[in-house]
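Enquirer: This is the structure, below, for whatever I ask next.
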Amino acid sequence: MSIAAALSEQGAGAPASRPVKRARTGASLLLLPGTAYLVLFFVVPAVALLATSLYVKVPGGDVGQFQPAFHWQNYVDALSQFWPQLARSFVFALIATVAALVIGYPMAYVIAVRARGRSMLQGMLLVLIIAPFFTSFILRTIAWKQILADDAFVVTAFKWLHLMAPDGRLTATAFAVVAGLTYNFLPFMALPIYASLGRLDPSLIEAGGDLYANGFTTFRTVTLPLSMPGVVSGTLLTFIPASGDYVNSSLLGNSTDTAMIGQVIDARFFKVLDYPTASALSVVLMVAILVLVSIYVRRAGTEELV
Amino acid sequence: MGATTAAASGSGGAALELWDVSKAFGTYLAVDNLTLTVPSGSFFALLGPSGCGKTTTLRMVAGLEQPTSGAISIGGRDLTGTRAHQRQVNTVFQSYALFPHLTVLENVAFGLRRKRVAQPLERAAEGLDLVQLRHLADRRPSELSGGQQQRVALARALVNNPAVLLLDEPLGALDLKLRRQMQLELKRIQTEVGLTFVHVTHDQEEAMTMADTVAVMNRGRIEQQGAPAELYELPRTAFVANFLGQSNLVAGTVVERGSDTIGVEVAGTRLVVPTSRAVSAVGDVLVGVRPEKIQLLLAGQEPGPGSNVLGPGTVTDVSFAGVSTQYLVDLGRLGTFTVFAQNLVGGATLRVGDLVSLAWSVDHTFGLAGDEDAADGTADLDDEP
């Protein structure tokens, strides 16, 4: 239908308006399933979450019994009690994102730029990045628990090299949680950067050298700016899920000084059955991420990039 | 015009020399023992079909490839082994390679900034004046037309006042009319700034229009080099005769050797070739003549004195091309000759099936070595880039 519209527009200009209108109805029909899905599974739950976050305890009721209200005090209570976990979530997520960028960028660079033209090698290296996805997320995190365990070889080796105090440990530490987050979200960082670098015209790198820029300067002034779309999507795909993650902090951390907000929400919801606080924290997390991300995207200035 | 004087006041370019340069990619020899001198301030064209090694040669001069053996020097300084950013050489890339994340002005200022030239933006703006694009300084390359991008790429290379400016098929992506215009523009700029230009192209007309010196490359070697007219009038190999313009070549045997001419027996007819225009004066040779040098004679018409005559033969094809008409004449055992006749009286004067003889001046005849393939360098449809 839209092809017909385009054709008639190219031909005589006048009778174009009717087919265009029909094409628009066609487009909205095509959007219907997606819109319905989003309304049903995103808008409705989000409103429900917002409503639950304002509920109050039923007077004299059982544990987990609440009634609708507009109790904004829930937010104040939740934040004053759990702000350290919220702040820690963002700090951990930020460190993990930076670490994933530092590790993932060179990986993506080697695959996209250095292995350019050798599609067999590129394919193999990409499979290596994606391969961990073949195993379950939980299983991989539990495996990390084993790797970082007190009597495992990593800790033993560190102690032998005197890089760690004799009574030091890795498991149940902030390091273990951040390492787990970094590991688990690394592919989400590396793949968008790979895609960005793969589109990079190699003659631009040559032009940099031709115009008196050495390898590092060419990277700083040409390659890196042109891969920014990949860096931005990679950091978002890492930071957003990492700040809400609770698997790594529960499996690799301890419940006191490494707890992240996801872990608290999980506990509030399923153990304490304190739904309003859990909902309030979820809303706060959502809004905080939204604000942080929009500031970041604006600062990164992706709209200027091609 | 301030930009012109600023650019022209520089070194004015330097001579480029290649000594026995070879480049192998695995077992494939892209450039084969090439020795070449480009005089300072000249417009030099490397002409050849795709895959002849001309771009590889250019990339070795730029420092983007290193030769397998041999040496490259610019202005007398040996540069072999140095990297691209260390060489006072700039390239106009075939794809232009403009930085899409920078404005036109910042693209032009890129090299100036790297060299820490004072006031890079002012200098870049002057560079844009040279290509008449200052009004587009704040645009992104993607907002420019192909011809404008090409000129930005040229300005970006020129502002650095390089010892040698390399042009890698810079006009290849432009349409015919724009290409003609840019050829003249490039020539004008080169004359103005006086830098050494090395231009790589597969378009023989482009090479002849612009360059002072043309080197015809084939299979990694230089076949012949010289001024365009010299190359055209006196090709020394069958490849040059066919690749640069068109030629009619016939095989024959030297049967007579005079003081300044040789007589060549070609399928029963005697052709005369000036000794000075013959590569070989013994045994089997190829005798050649350019199509526009040939005069078509109808029965009864006499050739002028000092002419070689072949035929009669049958006209098999007539194609009218405005300025001239191209005739194909079948000469039986000698094959088919191409003749260009100027349309002095308007329209074609001969028809398919007419019997004609071909005559041309001895002075326009050239002789090539007989062991060459007479079809070498003719347009191969599978070979076109």
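Enquirer: Report those strands (runs of 3 or more DSSP E) wholly inside segment B:182-301 carrying at least 2 residues which are hydrophobic (A, V, I, L, M, F, W, C).
Expert: Once the strands (runs of 3 or more DSSP E) in segment B:182-301 are filtered for at least 2 residues that are hydrophobic (A, V, I, L, M, F, W, C), what remains is B:196-201, B:213-218, B:248-257, B:261-266, B:269-274, B:284-289, B:295-297.
Enquirer: Filter segment B:165-185 for residues that are closer than 27 Å to B:GLY75 by Cα and touching a helix residue (DSSP H, G or I) at 6+ places or on another chain (Cβ under 7 Å) and give the result.
Expert: The answer is B:LEU165, B:LEU166, B:ASP168, B:PRO170, B:GLN183.
Enquirer: Considering segment B:118-160 alone, what residues qualify as being farther than 17 Å from B:VAL92 by Cβ, polar (S, T, N, Q) and free of Cβ contacts under 8 Å to residues at least 12 places away in the same chain?
Expert: Narrowing segment B:118-160 to residues farther than 17 Å from B:VAL92 by Cβ: B:118-123, B:125-126, B:129, B:134-140, B:142-143.
Checking the rest, the ones that are also polar (S, T, N, Q) come to B:119, B:142.
Selection gives B:GLN119 alone.
Enquirer: Now, a different point. Quick one: is B:ALA124 over 30 Å from B:MET208 (Cβ atoms), of a type in the set (A, V, I, L, M, F, W, C) and within 13 Å of another protein chain (Cβ to nearest Cβ)? Working first, answer last.
Expert: Details: over 30 Å from B:MET208 (Cβ atoms): yes; of a type in the set (A, V, I, L, M, F, W, C): yes; within 13 Å of another protein chain (Cβ to nearest Cβ): yes.
Considered against the rule, which asks whether it is over 30 Å from B:MET208 (Cβ atoms), of a type in the set (A, V, I, L, M, F, W, C) and within 13 Å of another protein chain (Cβ to nearest Cβ), B:ALA124 comes out as yes.
Enquirer: Check whether at least one residue in segment A:165-173 is over 30 Å from A:LEU224 (Cβ atoms), part of a helix (DSSP H, G or I) and either among the basic types (Lys, Arg) or at pLDDT below 90 (or both), and report yes or no. Steps first, answer last, please.
Expert: Start the filter on segment A:165-173 by keeping residues that are over 30 Å from A:LEU224 (Cβ atoms), which leaves A:165-173.
Next cut, part of a helix (DSSP H, G or I) only: none.
No, segment A:165-173 contains no residue that is over 30 Å from A:LEU224 (Cβ atoms), part of a helix (DSSP H, G or I) and either among the basic types (Lys, Arg) or at pLDDT below 90 (or both).
Enquirer: Here's another thing I want to ask about it. Checking the structure you have, find out if any residue of segment B:132-149 is closer than 17 Å to A:LEU211 by Cβ and of a type in the set (Gly, Ala, Ser). Before the answer, list the steps.
Expert: Step one: of segment B:132-149, the residues closer than 17 Å to A:LEU211 by Cβ are B:141, B:149.
So of that shortlist, the ones also of a type in the set (Gly, Ala, Ser) come out as none.
So far as segment B:132-149 goes, no, none of its residues is closer than 17 Å to A:LEU211 by Cβ and of a type in the set (Gly, Ala, Ser).
Enquirer: What number of residues in segment B:144-155 are at pLDDT 90 or above and under 27 Å from B:CYS52 (Cβ atoms)?
Expert: The initial filter retains those residues of segment B:144-155 that are at pLDDT 90 or above, namely B:144-145, B:148-155.
Next, from what is left, pick out any that are under 27 Å from B:CYS52 (Cβ atoms): B:149-150, B:153-154.
Counting residues in segment B:144-155 that are at pLDDT 90 or above and under 27 Å from B:CYS52 (Cβ atoms) gives 4.
Enquirer: Mind listing whichever residues of segment A:200-228 are in contact with a Lys or Arg (Cβ under 9 Å, 6 or more places away or on another chain) and either assigned to a helix (DSSP H, G or I) or of a type in the set (D, E, K, R) (or both)?
Expert: Of everything in segment A:200-228, those that are in contact with a Lys or Arg (Cβ under 9 Å, 6 or more places away or on another chain) and either assigned to a helix (DSSP H, G or I) or of a type in the set (D, E, K, R) (or both) turn out to be A:PRO202, A:GLU206, A:ALA207, A:GLY208, A:GLY209, A:ASP210, A:GLY215, A:THR217, A:THR221, A:LEU226.
Enquirer: Is there a residue being more than 20 Å from B:GLN225 (Cα to Cα) and at the interface with another protein chain (Cβ under 9 Å from one of its Cβ atoms) anywhere in segment B:70-78?
Expert: No, segment B:70-78 contains no residue that is more than 20 Å from B:GLN225 (Cα to Cα) and at the interface with another protein chain (Cβ under 9 Å from one of its Cβ atoms).
Enquirer: From A:ASN214, A:ASN184, which residue is buried (at least 21 other Cβ atoms within 10 Å of the Cβ) and either away from every other protein chain (no Cβ under 14 Å) or not charged (D, E, K, R) (or both)? So that I can check it myself, show each step before the final result.
Expert: Working: A:ASN214 fails: buried (at least 21 other Cβ atoms within 10 Å of the Cβ).
None of the other options fit; the residue is A:ASN184.
Enquirer: It is to be established whether one or more residues within segment A:249-272 are on the phi > 0 side of the Ramachandran plot and either buried (at least 24 other Cβ atoms within 10 Å of the Cβ) or modelled with pLDDT of 90 or more (or both).
Expert: Residues of segment A:249-272 that are on the phi > 0 side of the Ramachandran plot, as a first pass: none.
Taking every residue of segment A:249-272 in turn, none turns out to be on the phi > 0 side of the Ramachandran plot and either buried (at least 24 other Cβ atoms within 10 Å of the Cβ) or modelled with pLDDT of 90 or more (or both).
Enquirer: Out of curiosity, is B:SER276 polar (S, T, N, Q), modelled with pLDDT under 90, under 23 Å from B:LEU368 (Cβ atoms) and assigned by TED's automatic domain parsing to the domain that holds B:ALA341? Explain how you work it out, then say what you get.
Expert: Numbers: polar (S, T, N, Q): yes; modelled with pLDDT under 90: no; under 23 Å from B:LEU368 (Cβ atoms): yes; assigned by TED's automatic domain parsing to the domain that holds B:ALA341: yes.
So B:SER276 fails the test.
Enquirer: Being touching a strand residue (DSSP E or B) at 6+ places or on another chain (Cβ under 7 Å), within 14 Å of chain A (Cβ to nearest Cβ) and assigned to a strand (DSSP E or B), is that true of even one residue in segment B:29-45?
Expert: No, segment B:29-45 has no match at all.
Enquirer: Is it fair to say A:SER227 is buried (at least 24 other Cβ atoms within 10 Å of the Cβ), within 14 Å of another protein chain (Cβ to nearest Cβ) and within 24 Å of the chain's Cα centre (by Cα)? Even if it seems obvious, please write down each step before you answer.
Expert: Numbers: buried (at least 24 other Cβ atoms within 10 Å of the Cβ): yes; within 14 Å of another protein chain (Cβ to nearest Cβ): yes; within 24 Å of the chain's Cα centre (by Cα): yes.
So A:SER227 fits the description; yes.
Enquirer: Among the listed residues B:LEU144, B:LEU167, B:LEU105, which satisfies the condition of being more than 10 Å from chain A (Cβ to nearest Cβ), on the phi < 0 side of the Ramachandran plot and touching a His at 6+ places or on another chain (Cβ under 7 Å)?
Expert: Working: B:LEU144 fails: touching a His at 6+ places or on another chain (Cβ under 7 Å); B:LEU105 fails: touching a His at 6+ places or on another chain (Cβ under 7 Å).
The conditions single out B:LEU167.
Enquirer: While we're looking at this one, here's another question. Any chance you could count how many residues in segment B:264-300 are within 32 Å of the chain's Cα centre (by Cα) and either crowded, with 16+ Cβ neighbours inside 10 Å or over 29 Å from B:ALA227 (Cα atoms) (or both)? Write out each step before concluding.
Expert: Quick first cut of segment B:264-300, residues within 32 Å of the chain's Cα centre (by Cα) only: B:264, B:266, B:271-296.
Still in the running and either crowded, with 16+ Cβ neighbours inside 10 Å or over 29 Å from B:ALA227 (Cα atoms) (or both): B:264, B:266, B:271-274, B:277-280, B:283, B:285-296.
Adding up the residues that qualify gives 23.
Enquirer: Please go through segment A:124-159 and give me each residue that is surrounded by 13 or more Cβ atoms within 10 Å (Cβ to Cβ), farther than 26 Å from A:VAL110 by Cβ and in contact (Cβ under 8 Å) with a residue 40 or more places away in the chain, ordered by number.
Expert: Selection gives A:THR141, A:ILE142, A:LYS145, A:LEU148.
The values are calculated or read from the model by the stated rules, or taken from the named source; none is laboratory data. The structure displayed is predicted, hence computed values, not measured ones. FYI the Cβ positions are ideal-geometry reconstructions off the backbone, even for glycines, and counts take in every protein chain you see.
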